[in-house]
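Every number in this text was worked out from the coordinates using simple rules, so none of it is lab data. The shown structure was predicted, so the numbers you read here are calculated from the model rather than taken from an experiment. All Cβ positions, glycine included, derive from the backbone under ideal geometry; neighbour counts span all protein chains shown.
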Amino acid sequence: MADDLNFQQISTVQDGKQPKPVTLTAAATIAPTTFLTRLSGTTAVATITPPVTGSHMLAIVAGTTTAAFTTSGNIVGITTADTTAPSLFIYDPITAKYMRTVV
Amino acid sequence: MALTEAQVTALELERVIPKIRTLFDRDDKFFSAIQKRDVEKISNRQMRIPLEISPGGAFQYFDANGGDLGRGGGPTFDKAVLTSVFMSENIEYTKLAQWATDDARKAIVSTVRRLTATAFDEMRRQLDSQMMQDGSGVIGIAGAATTTTVIDLTTFENGARLIRTGQTLQIFTSAAALRGSTVATTVDVEAKTVTVSPAVVGMTSTDLVVTNGITTPTFAAAQALFGVPYHHNNGSTPGTFWLGFDRGTFPQIRANRVNAASVALTLPLPRLAINKIGNRIGIDNNFSPDAWMHPAQQQAYEEIGQLAIIIQKGANAPGLNQYFNGNNMQMAGAPVRTSFNWSTKRIDFVSKEVWGRGEILPLGFYTTDGRKIFELRGASGGVATADIFYLVLGTQTFVNNPAGCSYIDALAVPSGY
């Protein structure tokens with residue numbers, strides 16, 4: 001469930017008392033709760049559950065495999081990831097899709 | 001066809017028992033005892049506690065027949081210093097939670113009223129927990145059965161008592177490297193486990209569970225409130241400090257320790273602990289400590305007493321009570337005081353005359369411009385339908401004579417605790 005009250009948890013600027021980046025087990029659907037998320041495991045992520053309802057950005061580091069994302073869910077764009085650098089995803093509330101940035 | 005209950009469901013009343021039962025504790029025994037002691041109002045400048053740390057003068061025999069009397073000296077004075085640390089308890093609720101319960105016709109209790117009333121109790125309970133740590137902010141050390149989502153505290157001396165549900169926890173390695181932060185979702189006091197969410201990758205045995213806001217969870221860094229194990233500590237490691245004194249350099253500022261070496265409580269240990277105080281600061285010292293302990297050690301003491309019970313039963317049928325009054329026990333003259341938050345392996349002899357607090361900010365609401373409750377903001381910049389208030393405290397504890405402090409540690413714990 002989107003929780004707009006917690007929008008600061010996915011802000012790009014945070015303080016030391018906010019939740020530290022979370023490592024999620026890679027699955028077909030993941031639900032990030034922080035701006036920066038790390039993945040463990042090799043399952044490709046197809047759907048990202050938006051933590052808030054409006055436009056926002058998430059940074060996800062695919063820790064294990066470069067084939068970390070697929071476009072069968074709500075992700076569009078490049079699916080090949082980097083295992084050490086973050087992939088940035090911009091959420092479009094009109095299409096309800098995450099657009100992987102071209103970096 | 002007969003009318004069934006389903007057809008009258010709309011007529012049925014629901015009964016809500018008007019009294020709320022609390023299924024957890026809000027014990028603050030020790031902090032309350034310290035809170036009542038003399039409080040020194042301090043600024044953000046270091047508070048000084050002047051100490052006469054060593055005698056002086058030059059004693060000798062001399063030749064009265066024209067001999068040289070030589071030179072002299074005098075005692076040495078120094079100071080213990082402390083500054084406040086700041087702690088807060090943050091309470092947040094949505095307007096719907098408030099509006100849904102703000103009238104006796106809506107709910108058995110007003111949520112906001114209850115939150116404000118219990119927040120002080122919860123803050124004091126947290127402070128009592130903090131009084132059980134050694135200034136490092138560590139409130140748990142993960143045991144062997146720890147996973148990424150469950151912290152095993154079965155081997156930690158305080159079990160899961162120092163952690164509260166909903167509390168943000170930081171997880172550090174035993175070498176004080178940060179793994180991440182998480183929130184305690186379930187605290188099982190009996191099983192001594194804490195379930196957390198989100199999972200903390202790599203969390204394992206020997207990891208440190210640390211209070212939020214502490215950046216370096218070490219005894220040496222001492223960023224947290226100075227609890228009992230900070231002052232009641234005979235540590236002599238150079239570079240670790242007691243109120244500004246290097247523990248390695250000044251034996252005068254080390255507390256008195258009796259190491260039970262994992263053996264069950266025996267009668268000589270408390271007497272030794274008390275006598276160590278006299279050995280340090282004189283037989284005529286005026287200290288009258290209380291013996292603070294977990295009820296587990298009170299039970300160990302009681303079991304010693306039970307071994308000495310002699311039953312002389314006649315023909316009548318007397319009642320039987322093989323137990324002693326736990327509220328009227330003494331240990332080498334020290335009244336026994338118990339707290340379930342205490343380490344199960346320690347007995348601390350706490351002299352009320354010795355303990356005190358410096359305080360820059362008394363416990364109360366965080367207030368700005370007369371406001372105690374603040375609205376949250378939504379992502380748009382508009383007001384969010386949720387409020388937050390903070391209970392804040394700026395304080396630090398001290399003891400004015402660490403030689404008057406004594407403790408027994410590494411006690412065996414009776415079965416079942």
Practice item. Quick one: which residues, 5+ away or cross-chain, put their amide H under 5 Å from the amide H of B:T185? H built at 1.01 Å from N. Key: B:G166, B:T195, B:V196, B:S197
Practice item. From other protein chains only, count the Cβ atoms within 10 Å of every residue's Cβ in A:18-28, then give the mean. Key: 4
Check your understanding: List the lysines whose alpha-carbon lies under 17 Å from that of B:K345, not counting same-chain residues fewer than 8 positions away?
Key -> B:K192
Practice item. Give the residues of segment B:201-235 whose amide nitrogen is closer than 13 Å to a point set 7 Å from the Cα of B:T155 in the direction of its Cβ. Key: B:204-208
Review point. Taking θ as phi - 60°, what are the ³J(HN,Hα) couplings along segment A:46-51 by the Karplus curve (6.51, -1.76, 1.60), each to the nearest whole Hz, with x for Gly and Pro?
Key: 9, 10, 10, 6, x, x
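Hey, fewest Cβ within 10 Å first, where do B:E40, B:E52 land in order? Write down the numbers at each step before the final one.
Numbers: B:E40 16, B:E52 11.
With the fewest neighbours first, B:E40, B:E52 line up as B:E52, B:E40.
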Revision key, fill the gap. Highest mean packing first, using Cβ neighbours within 10 angstrom, the peptides B:28-36, B:408-416 sort as B:28-36, B:408-416
Exercise for review: Write down the Å³ per residue value for the convex hull defined by the alpha carbon atoms of chain A.
Suggested key: 92 Å³
Exercise for review: Could you work out how far apart the two model spin labels at B:A410 and B:W99 are, taking each label as a point 7 Å from the Cα in the direction of the beta carbon, and quote it in nm?
Suggested key: 6.2 nm
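How large is the Kirkwood hydrodynamic radius of segment B:1-121, in angstrom, based on all distinct alpha carbon pairs? Numbers along the way, then the final one.
Working: mean 1/r = 0.0433 Å⁻¹.
Value: 23.1 Å, from the Cα pair sum.
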Review point. How far is the Cα center of segment B:356-394 from the Cα center of segment A:46-69, in Å?
Key: 34 Å
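Please give the FRET efficiency for B:L272 paired with B:E14, using the beta carbon to beta carbon distance and R0 = 41 Å, rounded to the nearest 0.05.
Values: r = 62 Å, r/R0 = 1.51.
For B:L272 and B:E14, the calculated efficiency is 0.10.
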**Study point:** Under the Karplus curve 6.51 cos²θ - 1.76 cosθ + 1.60, θ = phi - 60°, whole-Hz ³J(HN,Hα) for segment B:236-241, x wherever Gly or Pro sits
**Key:** 10, 6, x, x, 9, 10
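In debye to the nearest 20, how big a dipole does chain B give about its Cα centre with +1 on each Lys and Arg Cβ and -1 on each Asp and Glu Cβ? Don't jump to the answer; show the numbers that get you there.
Values: 38 positive and 37 negative charges, 66 e Å.
Magnitude of the dipole: close to 320 debye.
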Study note, to complete from the structure: Here the residues of segment A:43-67 lying in the modelled label zone of A:Q8, meaning backbone nitrogen under 20 Å from a point 7 Å along Cα-to-Cβ, are A:51-59
Check your understanding: Under the Karplus relation 6.51 cos²θ - 1.76 cosθ + 1.60, θ = phi - 60°, what is the ordered set of whole-Hz ³J(HN,Hα) values for segment B:100-115, x standing for Gly and Pro?
Key -> 6, 9, 8, 8, 4, 7, 9, 8, 6, 8, 6, 4, 5, 4, 5, 4
Revision key, fill the gap. Ranked by GNM mean-square fluctuation in chain B (Cα springs under 10 Å), the top entry among B:R114, B:R271, B:R357 is B:R114
Point to revise | Average silhouette area of segment B:177-329, convex hull of alpha-carbon atoms, in square nanometres | key: 14.9 nm²
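How do B:331-340, B:277-286 rank on mean C-beta neighbours within 10 Å, highest first? Walk me through the numbers before you get to the answer.
Values: B:331-340: 18.4, B:277-286: 13.3.
Output ranking for B:331-340, B:277-286: B:331-340, B:277-286.
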Point to revise | Rg(Cα) / (2.2 N^0.38 Å) computed for segment B:293-399, rounded to two decimals | key: 1.96
Check your understanding: Looking only at Cα atoms, what is the convex hull volume of the protein assembly as shown per residue, in Å³?
Key -> 280 Å³
Review point. Chain B: Rg/Rh from Cα coordinates, Kirkwood Rh?
Key: 1.08
Point to revise | Helix-only CD estimate at 222 nm, as mean residue ellipticity for chain B, using -39500 (n - 2.57) per DSSP H run (n ≥ 4) | key: -4500 deg cm²/dmol
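If we count other beta carbons within 10 Å of each Cβ, what is the order of B:H232, A:H56, B:H294, fewest first?
Numbers: B:H232 23, A:H56 19, B:H294 26.
Arranged by neighbour count, lowest to highest, B:H232, A:H56, B:H294 become A:H56, B:H232, B:H294.
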